[in-house]
Structure formats: structure tokens, C-alpha cells
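Everything below concerns the one structure shown next.
The values are calculated or read from the model by the stated rules, or taken from the named source; none is laboratory data. Keep in mind that this is a model prediction, so the values were computed, not measured. Ideal geometry is used to build each Cβ from the backbone, glycine not excepted, and the neighbour counts take in all protein chains shown.
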Amino acid sequence: MVALPGLRRAATASADHATAAGYVAGWRLVRWLPEPAARAVFARIADEVYRRDGASVRRLRANLARVRPGLDDAALDDLTREGVRSYLRYWCESFRLPSWPVEDLVRRTRIVGEHHIRDAYASGTGVVVALPHMGNWDWAGTWACATGMPLLTVAERLEPARLYDEFVAYRRSLGMEILPLTGNGDTLVRLEEWVRAGGLVALLSDRDLSRTGIEVTLCGERARMPRGPAVLARRTGAALLPATLAYVGQDLEVTFHAPVPHAEGDDGVSAMMQAVADRFTEEFRAHPTDWHMMQKVFVADLDPARYGNRG
């Protein structure tokens, strides 16, 4: 297959934090393939990435060891291999999403606890969804937009700038509004305006390396999460809903958990984010291979000189 070498290079680059050229090339090439062929190619690429055992794979293995403590080396290796395959599945789907028929995507989305988000959205007071790097969050966002809930989200600025621009354009093509995480002092203001108008904001919330992060217990370990979802929900009066994602066969299951009660003060923000972390813990343990966390999250792995041990 002529496209295979280029696709392998592109997807491998993506798994190691894509270059702009690799991302764009992969995005275009994978649309040429039938879905079963594309999945097979990405599974083979995943196995190559796993065998190379680069820094991202080693970090995933270390994180999964905390999600499922007590596994022997062989079982942990198997879990890591499946985790890499799940992560490359995310890239395969993301490259293909703009060309998917919307009705097919909606049909293949299984929703658990849909009443939580529908009731909160119908109330008109806005919704803040806190979700992890799990399953395919772009797929979930497309489902929300396609079923009457357009959303605003924040994207980390990527280097080179062309890569960030491609990501933004891609997500906007799916119906999402995107704000940059950094370099725009109006981000919080824009988020508040959107929520106060009754809108839906979705924020990835399982990793925070800023000095303002909240220390929580995640999978029985100290970890850092952003305070933003709790602060935004409390300032606007919006519902704070944890959401988790997992693959079920060829479908994506999205679970909306019960709203987290608002609580006052700094301790209240910590309590709200701990409630989010508790839901994440349950789902990480139930679906560990679908948590695509290839960066440091747990306090024991962080540089204490930079992040300290403050909660």
C-alpha cells in the first residue's frame, strides 16, 4: 500500500507529540483508507511505538502502575501495550472524524447518565464538563454539538504554531469553539460569558502543571488537577459535571456523572475537584487502557522545586 509508509511516519510522530507536517500528512492519508484497514494500520503502528519503549510509553506504563497497583511486570506490559493501541486508535479516529457522517457518529455513541447533561443544559444556567484524556474527547465533543449542545473548550498552544492552527481549524470544523490556554488574557472572561449565556464548556481536567493546581487523591496517589472547572462553575452558578469515556467495541461510551455540589472558599474548590477526581479514579480503574496519559500527573513524579507540595 503506497500510503502506508507515510501514514506510519505521521502516526508515529503523532504518538510522540506530532510535528505539524506529520499531523497534517496523517490527517490526509488516513481518509483514503476504509475504516477496517485504517484501524489495522494504526494497531500495527501502535505495536511499533510500544516496542520502541520511548519516554511516552515509559510514562504511560508508570501511570498505569498507579492505576492498577499490584500487577506483575508481564501484566503491566500487556496493559501498557493495549493502552498504546487505544491511544493510536484515538489518532486514527481523530484523523478521520471530519469525514465521518454525523449520523453514524451519533449512532456509535453510547451515553450513560444523559439526563445529567440534558437537565443541566435545559436549565439555562450553563454547564461545565470536566473530563480526562480518555477515549476520544473530540468524538464526544462532536456528539454534543451534533445533538444540540454546541460547546466551548480550551486548547493548549502547540509548537509549531501551524500545528496549533490545524487543531483549532479541525475542531471548529466539528462545531466546537476553541480558546487558547495561554497567550490570551481574555480566556476566563470568554468562558464565563459563554457559561452565563447558558452554554456548555468542556475542560480537560486530569493534569495540571501550573503553580495554582489543586492537589487531590487520584487512584490512591497524590496528584495535581486544575482548579479552573470548579472556579468557573462556582462563579457562574453552572453545574459541574464529571464525564468519562471508554471504548466499547467499535463504539464510544460517554458517561455523565451526577453534578458535583458547589462548596465555598478555597477548601470548597479543593472538595469539588476531589469529587471530580473520585469519578475519574473509578473509571480509570474500570477502563485503564483508555486513559491516554503519557505525561506526569502524580506528585511523586513531579519536580518539587518547581511545583512544591501545596494543595
ask   = Can you name the helices (runs of 4 or more DSSP H) wholly within the range 217-309 that have at least 2 residues being touching a residue at least 40 places away in the same chain (Cβ under 8 Å), exposed (fewer than 15 other Cβ atoms within 10 Å of the Cβ) and touching a strand residue (DSSP E or B) at 6+ places or on another chain (Cβ under 6 Å)?
value = none
key: Residues that are of a type in the set (Lys, Arg) and at pLDDT 95 or above, drawn from the range 28-51   = Arg51
Those residues of the range 207-222 which are within 14 Å of Arg279 (Cα to Cα) and in contact with a helix residue (DSSP H, G or I) (Cβ under 6 Å, 6 or more places away or on another chain), in sequence order = Val216, Leu218, Cys219
query = Which of the residues belonging to the range 231-263 are of a type in the set (D, E, K, R) and either within 14 Å of the chain's Cα centre (by Cα) or within 17 Å of Val128 (Cβ to Cβ) (or both)?
reply = Arg234, Arg235, Glu253
remark   = Checked Ser86, Ser14 against criteria (at pLDDT 95 or above, buried (at least 16 other Cβ atoms within 10 Å of the Cβ) and under 24 Å from Tyr170 (Cβ atoms)); the one match is Ser86
Conditions (1) closer than 15 Å to Glu35 by Cα; (2) more than 19 Å from the chain's Cα centre (by Cα): number failed by Arg89 = (2)
